[in-house]
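Presented below is the structure to which this report refers.
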Amino acid sequence: MTPLAPSSAGEPAAALPWWRPAFLARWLARQLLLVTAVAGGLSVLFVSAFGHSWFRSFVYTFCISLGCASFTQAFRLLAGWGRCRVYERMGWPLEGSTSWPGWPLMLICLVAGTTLGYGSGVWLGNQITGQHMRGPFDAPLGALLGTLGFSLLPGIGLTFIFLWRGKAAAAEARAETLRRQAAETQLRLLESQLEPHMLFNTLANLRVLIGMDADRAQAMLDHLIAFLRATLAASQAERHALRDEFARLADYLALMQVRMGQRLRFEFDLPPEAADLPVPPLLLQPLVENAIKHGLEPHVEGGTLWVRAVVMTDGVRLDVEDDGAGYAPPATPAPGSGFGTRQIRERLAVVYGARASLQVQARPGGGTLASIHVPRPSAASPS
């Protein structure tokens, strides 16, 4: 009676993984459910209007709807495949779904699918009920046209509905892609600002050391070259493992030890289950720089810097802690102050949304504790 309209009309090609068994099973289940619903609705109509038997009405409407749906879908996919081949051969850009042939071909698919589906459905219904209902090919022309017209109208309506839904889904997918690209662009911009900031701080430390101890300054410059070579290569990746973040921090702290000597001590604690956690490059670097600049350098006897990862039920907490002089934000911040923590918060918002956070607080007994909470990859926002 009613040919099943394509449920994927208008969707982008990437949304149609027909070769995946799980997707195909869900798609077939939805089609069968829709066929059953259409058959049930038409059966209620025929029973109420004409007093037909419920069993006979449901068997025929189900078989005819299933036949129309099967033939129409097969013709649609075949026409969509042929359209793709023609576009590829002619070198034309192909937009929209690879399974949507366009309205002219779709109308032909509807007419052909309805005609063949109606005939096969009547034959199958006759086999099940043992009765003889005339098919489209042994009925008078007027009756044939009336039956096909009645069947085509719901089919065209369903096609409009599913095409609109498919286009809406495709538009939403494109909008989500644009939002993700914008977020990635913003993240890369933040990282491009952070890398020169880190380099500026390191060069400022080197300038101070040049006037104090030329030999140590030379050693520090050698460390700086090796550190930048590794860091700049790693920073080209959108994410890297937490173990790589710790390795870059170890390089940086070894560089700072050339200047501060025994006044700087550091300890790392990275549990094996957190080592592979993907994080943005240079995520902890500003916190380590702040701990040295505001906590350990002003402290005459220096101090210890702890960098640790703590696995929690809802994610991982990354701590940067020092026992130095501590840091109290000035009442009137100097230009450029707070750059590192601001960049961290913005990058966390881009990558993880509201599920990540940064907290900086005074450490009992002196010093500062900065903590970043990041969700597990399965709970993180896609970027």
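Does any residue in segment 352-368 that is on the phi < 0 side of the Ramachandran plot come within less than 6 Å, Cβ to Cβ, of a residue that is outside any loop (DSSP other than H, G, I, E, B) and of a type in the set (Gly, Ala, Ser) six or more places away or on a different chain, and which pairs are these?
Qualifying pairs under 6 Å: Gln359/Ser371; Val360/Ala370; Thr368/Gly295.
Residues are listed down the side, and each one gets a yes or a no for (1) of a type in the set (Asp, Glu); (2) farther than 19 Å from Phe339 by Cα; (3) touching a Lys or Arg at 6+ places or on another chain (Cβ under 8 Å):
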residue	(1), (2), (3)
Glu301	yes, yes, yes
Ala309	no, yes, yes
Met312	no, yes, no
Val320	no, no, no
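Inside segment 16-39, can you point out the residues that are of a type outside the set (Val, Ile, Thr), at pLDDT 80 or above and surrounded by 15 or more Cβ atoms within 10 Å (Cβ to Cβ)?
Selection gives Leu34, Ala39.
Examine segment 92-106 for a residue that is in a helix (DSSP H, G or I), in the same structural domain as Leu158 (by TED's automatic domain parsing), farther than 20 Å from Trp164 by Cα and modelled with pLDDT of 75 or more, and state whether such a residue exists.
Within segment 92-106, none of the residues are in a helix (DSSP H, G or I), in the same structural domain as Leu158 (by TED's automatic domain parsing), farther than 20 Å from Trp164 by Cα and modelled with pLDDT of 75 or more.
Exactly one of these conditions fails for Pro104: (1) more than 24 Å from Arg174 (Cβ to Cβ); (2) crowded, with 16+ Cβ neighbours inside 10 Å. Give me its number.
(2) is the only condition that Pro104 fails.
In segment 282-303, what residues are assigned to a loop (DSSP other than H, G, I, E, B) and either free of Cβ contacts under 8 Å to residues at least 24 places away in the same chain or surrounded by fewer than 21 Cβ atoms within 10 Å (Cβ to Cβ) (or both)?
Glu297, Pro298, His299, Val300, Glu301, Gly302
The values are calculated or read from the model by the stated rules, or taken from the named source; none is laboratory data. These numbers come from a predicted model, not from an experiment. Note: ideal-geometry Cβ built from the backbone for every residue, glycine included; neighbour counts use all protein chains shown.
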